[in-house]
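Notes for the one structure printed next.
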Amino acid sequence: MLPKSGQDRQAADTHYAVALVPAAGRGERLGPGAPKSLRHLGGEPLVVHAVRRLAAARSVAAVVVAAPPGAADTVRELLAPVVLTAELVVVEGGGTRQASVAAALAAAPTHCDVVLVHDAARALAPPGLADEVAAAVRAGHPAVVPVLPVVDTVRQVGADGAGSSTIDRELLRLVQTPQGFARAVLTEAHAACPDALTDDAGLVERLGLPVHTVPGHPSALKVTRPFDLVVAHAVLAEESGVQDPSSGMAGSRT
C-alpha cells in the first residue's frame, strides 16, 4: 500500500535502519594508548564523532555500539548526550571485529529491517552516506558498500617481491563503511561463517549473494595510523570552518 501523502512518504523513508558500530579494537597501529575508538579527535573520542553522525541520518532508528571490553559503561556515558533522536544500545564487544558485529546484531532492535555496519574509526563519515546505503538496501539489494575510485597506480607482486605487474585501477575500488545489509542476510552470513573476517560484505559473498556499490565519500576515511589522525583533524577543521594549525590554511565550508 502506497503512502497517501508527501508527509506519509517522508515518514516511510525515515527511522527504519539500525546502525551497528564495532568499537572494541585496540588500535595497535595507532600507537600506545586507549582503545582506538576512545582516542580523541578534536577533543572528542572517535566513537562519539561516528555515532553522532550515524544518529543524525534520517534512516537510522537505533545505534548499537560494541564497546571495548570493560568499557561499556564509559561508552554509554559518553554517548548518552549525543544520541538524542535514535535509540542507543551499548554492549561489550568481542575479541575480533566479527565477534563484535555479531554481539551488536544480537542486541539490535527487531523492528529495523535494514542493518548498517560502521567502523568507529571512520568517525567523519557524513550522515548522508548512511542514508544512501540504507536506501539502496531498502530498494532490494541484499548487501551494499560505499566505494571510492583508486587513484594510485597499483602493482601486484610475487611472494618474494621479485616479479610484479600493473593492475588496471579502473576496475578497482576502495571500500568504506557504513556497509548495509538486509537483516536476514547479515544474520545468515554470520551464522554460516566461522572465520574471523574483517569485512561483512565478504561474509555475504560467501553465501553467493551480490554486493551492490554506491559512491563513497572522502570524509569517510579510516583512522588506522597516526598520519590518518592528522588528516582527520584537517578534515574536521575544514568542516568547522576554522584554522587548521597543521596546514596554516583556513578551512572552508563546501
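Across the stretch 83-94, coupling constants 3J(HN,Hα) worked out from phi with the 6.51/-1.76/1.60 Karplus curve, θ = phi - 60°, read 8, 9, 10, 9, 6, 10, 10, 10, 10, 7, x, x Hz, and Gly and Pro carry x. Share of carbon and sulfur in the accessible area of the stretch 47-139 stands at 55%, probe radius 1.4 Å.
The trypsin sites (Lys or Arg not before Pro) of the stretch 155-227 meeting both criteria, a DSSP state outside H, G, I, E and B (loop) and at most 14 other C-beta atoms within 10 angstrom of the site's C-beta, are 206.
Once Rg and the Kirkwood radius are both taken over the C-alpha atoms of the chain, their ratio Rg/Rh works out to 0.98.
Take every DSSP beta bridge whose two residues both sit in the chain, then give the antiparallel share in percent to the nearest 5. Around 45 percent antiparallel, to the nearest 5. Rolling a 1.4 angstrom probe over the protein heavy atoms with all chains in place gives the chain an accessible area of 51 Å² per residue.
The convex hull around the C-alpha trace of the stretch 15-106, projected and averaged over every direction, spans 5.7 square nanometres. Taking a quarter of the surface of the Cα convex hull of the stretch 94-136 gives a mean projected area of 3.6 nm². One chain, two ends: residue 174 and residue 154. Fully extended at 0.36 nm per residue, the span grows by 6.0 nm beyond their Cα-Cα distance.
From the Cα trace of the stretch 68-119, what convex hull volume per residue do you get, rounded to a whole Å³?
It is 86 Å³ per residue.
Computed with a 1.4 Å probe on the full set of protein chains, the accessible area for residue 58 sits at about 110 Å².
By DSSP, the beta bridges lying fully in the stretch 1-131 are antiparallel in about 10 percent of cases. Once the Cα-Cα distance is subtracted from the 0.36 nm per residue extended length, the residue 167 to residue 230 segment shows a gain of 19.7 nm. Seen from all directions on average, the stretch 80-209 presents a Cα convex hull projection of 10.5 nm².
The values are calculated or read from the model by the stated rules, or taken from the named source; none is laboratory data. In this text, all values refer to a predicted model and were calculated from it rather than measured experimentally. Here the Cβ is made from the backbone with ideal geometry for all residues, glycine too, and neighbour counts use every protein chain on show. Just so you know, the surface numbers come from the protein's heavy atoms only, side chains and all, with ligands and any DNA or RNA stripped out. Shrake-Rupley method; radii C 1.70, N 1.55, O 1.52, S 1.80 Å.
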